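Student: Shown below is the structure under consideration.
Readers should treat all values here as calculations from the given coordinates under stated rules, not as data from a laboratory. Bear in mind that the values here come from a model prediction, so they are computed numbers and not experimental data. Counting neighbours? That spans all protein chains shown, and the Cβs are built from the backbone with ideal geometry, glycine included.
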Amino acid sequence: MKTMRRIVRAAFLGEDPGDLSSISNPETIQPIADLQKEKP
């Protein structure tokens, strides 16, 4: 879970999430990253 928290935080903040090989569904990160684009 620590790795997933780091990845989600990075994606939401628009930072490079780094190595995604340890998560089973890396495609779930893009919708989180898209949330950042929706902020005013």
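Student: Tally up the residues in the range 5-40 that are hydrophobic (A, V, I, L, M, F, W, C), in a helix (DSSP H, G or I) and more than 8 Å from the chain's Cα centre (by Cα), please. Quick ask: steps written out before the conclusion?
Tutor: From the range 5-40, those hydrophobic (A, V, I, L, M, F, W, C) are 7-8, 10-13, 20, 23, 29, 32-33, 35; that's our starting set.
Checking which are in a helix (DSSP H, G or I) leaves us with 7-8, 10-13, 29, 32-33, 35.
Adding the requirement that they be more than 8 Å from the chain's Cα centre (by Cα) leaves 13, 35.
Count: 2.
Student: Return the residues of the range 7-18 that are surrounded by 10 or more Cβ atoms within 10 Å (Cβ to Cβ) and either among the charged types (D, E, K, R) or in contact (Cβ under 8 Å) with a residue 12 or more places away in the chain (or both); say none if nothing qualifies. Full working, then the answer.
Tutor: So in the range 7-18, the residues surrounded by 10 or more Cβ atoms within 10 Å (Cβ to Cβ) come out as 7-15, 17-18.
Ile7, Val8, Arg9, Ala11, Phe12, Leu13, Gly14, Glu15, Pro17, Gly18 - these are the residues of the range 7-18 that are surrounded by 10 or more Cβ atoms within 10 Å (Cβ to Cβ) and either among the charged types (D, E, K, R) or in contact (Cβ under 8 Å) with a residue 12 or more places away in the chain (or both).
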